[in-house]
Amino acid sequence: MNFKELIELYKPKIYSKICEYVPIKEPEGHYKIARDYIDRQGKYARPGLLMLSGRLFGASEDELILPAAAQQLSEDWILMQDDLEDDSELRRGKPSAHKIYGIVHTLNASNIGNMAVWKMLKDYMLKYGSEKGNKLYNKFYDMIEYTIEGQYIENEFIHYTKNLNAASDELYYRIAASKTCYYSVYGPLQLGAIVADQPDSTLEIFKNIGKNAGIAFQIADDILDMTADEKLFGKKNFGDLYEGKVTLIITYTYQNATKEEKEKINQIYKKKRAEKTEDEIRFLRDMIEKYKGIEYARSVANKYGNMATEAINENIDKLPQNEYTSIFSSAIKDLYIRNK
């Protein structure tokens, strides 16, 4: 079994558990909006990592399903708000929720998922005891808090700073550390380990591996934004340029551009998404190609990917040797060796 097969094995059970906590009831229109991203069913990579680490250390399937459902549901409601904040066009191959239902209804309905996540964690605590339940709850809270901090930092640049003179690699890494490394990689792994009654030393191993894998994952995602087939990627190409996000691709390009080019790049970046023209986006793409921004980003992704592989190799003897060990190693590599 590989990681994709593991996800497919548990995905129906995780989805079913989410639906238990977010049923469609009256007012039906409200709950149908809340269920929209849930029913689109994303990749389930984050709950997959949670299930994987838990099974690796011997936790039962039954004990892992509810935390995995909370992990996936948190993604579903956060993405609803994230798409609204970025005015994203597509999510999972379909129009973003606020494009269908409007801002007011989408924002309000996203709160249902938020509420249900914390009810899941409370119910887990009631079933499995306060000691483990509190540890799981606190880790989840810390992960979500750090993720939302990263969202604030990114939004501050996109909506208020809008100036690439203020952008830096450090800013990019700070955003990625919270929104990707913790939330998408080592946080889910740590949650699964907590369910399996693992000590803090095991959580630290996952952090050491995940902080490098997460950076590589995010850079790979940035590259796919520029190069992927939209149908495979499930999002509109060049969304980062339209939204004015900080990526290593654009910061490297900007740093190497001429004074005149920098002025024009900044003029475009200061505009709202809806104000940017196709010609302006084409100009940014030409600048990126001229200064090899994608090639630079790919080289950095490879560096962090190699660091993640080294961290796996350094800690592999500290992990149980069973049917899930090889799945774990390949799953981490799959995060940053991607085509969608």
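The numbers here are math on the coordinates, done by the rules we state, and not lab data. Note that this is a predicted model, so its numbers are computed, not measured. All Cβ positions, glycine included, derive from the backbone under ideal geometry; neighbour counts span all protein chains shown.
D by Stokes-Einstein for segment 3-336, Kirkwood Rh over Cα pairs, 4 °C, 1.567 mPa s: 63 µm²/s. Bridgeable aspartates and glutamates around Lys119 (alpha carbons under 18 Å apart, same-chain partners fewer than 8 residues away excluded): Glu20, Asp62, Glu63, Glu75, Asp76, Glu131, Asp142, Glu145.
Modelled label positions at Glu26 and Lys333, each set 7 Å beyond Cα in the direction of Cβ, lie 5.6 nm from each other. For Arg91, the residues whose modelled amide H falls within less than 5 Å of its own, excluding neighbours fewer than 5 places apart on the same chain, are Ser96. Pairs exceeding a 25 Å alpha-carbon distance, out of Lys17/Lys127; Lys4/Lys127; Lys94/Lys179; Lys94/Lys122; Lys4/Lys179: Lys4/Lys127; Lys94/Lys122. The C-alpha atoms of the chain define a longest principal axis, and helix 103-128 lies at about 30 degrees to it. With contributions of -39500 (n - 2.57) from each DSSP H run of at least four residues, the per-residue ellipticity at 222 nm computed over the chain stands at -24000 deg cm²/dmol.
Along segment 268-276 the Karplus relation, 6.51 cos²θ - 1.76 cosθ + 1.60 evaluated at θ = phi - 60°, assigns HN-Hα couplings of 6, 5, 6, 7, 6, 3, 5, 8, 7 Hz to successive residues, with x for each Gly and Pro.
Extension gain, Leu126 to Ala166: 0.36 nm times the residue separation minus the Cα-Cα distance gives 9.7 nm. Computed extension length for Ser60-His159: 31.2 nm, one decimal, from 0.36 nm per residue of separation with the Cα-Cα distance subtracted. Here the relative contact order of segment 243-340, from alpha carbon pairs under 8 Å that lie six or more residues apart, stands at 32 percent.
Taken along the Cα-to-beta-carbon direction at a fixed 7 Å, the label points for Glu314 and Asn266 span 4.0 nm.
A simple rule links phi to the HN-Hα coupling: the Karplus curve 6.51 cos²θ - 1.76 cosθ + 1.60 with θ = phi - 60°, which for segment 19-36 gives 5, 4, 8, 10, x, 8, 9, 7, x, 4, x, 4, 6, 5, 5, 4, 8, 4 Hz, with x for Gly and Pro. In terms of surrounding Cβ atoms within a 10 Å radius of their Cβ, Met226, Met115 rank from fewest to most as Met115, Met226. Normalised by the number of residues in segment 75-191, what is the relative contact order in percent for Cα pairs under 8 Å and 6+ residues apart? Taking the mean separation of contacting Cα pairs over the length of segment 75-191, I get 20 percent. Each Cα pair under 8 Å and six or more residues apart adds its sequence gap; the mean of these over the residue count of segment 3-336 is a relative contact order of 20 percent.
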